[in-house]
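Note sheet for the following structure.
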Amino acid sequence: MKSRIDVSNLSQEKRAFLKANPALLKSLEQEIPKQVSGVQKREEKLRKGKAKWQRDLEYAEKLRREYDPLLRDIQDKMLRKLDIVKGDNSLVCAECGEGDKGNKMNGKPWCFKCNVPLVTKGNVAKWMKLPKMKVLRSSLKDDVGRLVEGDE
């Protein structure tokens, strides 16, 4: 079955040119299916050439775009229940920059890696400027304790 090119949408000049050159029209009718099949083969090769995980990621991205508002609402509600908030108010370690992993010390969110409390992203610079508190070694604490007891 040969396909025929529909020339009804062309201008009168172009139709007249193709009518005057039937060999050109015939060669176009022969070449177009070859071009289309070449493009389809390339697309199929590209699609099949991707790894399964790449195809799965594309599919997941498509689903995410389709259902994104619903999933975002569900995720935000879940994060609020877990006291994990994203954005400028999210908690990070001022030293290493890691996020909140749920670790707490004395009820406060804490980074056990750096042994510092977690602060909001907006307050990291302010926190870094705070003076460091130095703690006396236990031997010095004992000496100070004896001095204080002796004064009483």
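What are the residues in the range 114-131 that are of a type outside the set (A, V, I, L, M, F, W, C), assigned to a strand (DSSP E or B) and within 14 Å of residue 95 (Cβ to Cβ), if any? The one that is of a type outside the set (A, V, I, L, M, F, W, C), assigned to a strand (DSSP E or B) and within 14 Å of residue 95 (Cβ to Cβ): 117.
What's the total number of residues in the range 1-50 that are of a type in the set (Gly, Ala, Ser) and touching a residue at least 12 places away in the same chain (Cβ under 8 Å)?
As a first pass, look at the range 1-50 and keep what is of a type in the set (Gly, Ala, Ser): 3, 8, 11, 16, 20, 23, 27, 37-38, 49.
Keeping just the survivors that are touching a residue at least 12 places away in the same chain (Cβ under 8 Å) gives 3.
Number of matching residues: 1.
Restricting 47, 42, 4 to residues that are at pLDDT below 85 and in a helix (DSSP H, G or I) narrows the list to 47.
Screening 75, 30, 12 for residues that are at pLDDT 85 or above and surrounded by 10 or more Cβ atoms within 10 Å (Cβ to Cβ) leaves exactly one candidate, 30.
The values are calculated or read from the model by the stated rules, or taken from the named source; none is laboratory data. It should be emphasised that the depicted structure is a prediction, and the values quoted were computed from it without experimental measurement. Virtual Cβ from ideal backbone geometry, glycine too; neighbours counted across all protein chains shown.
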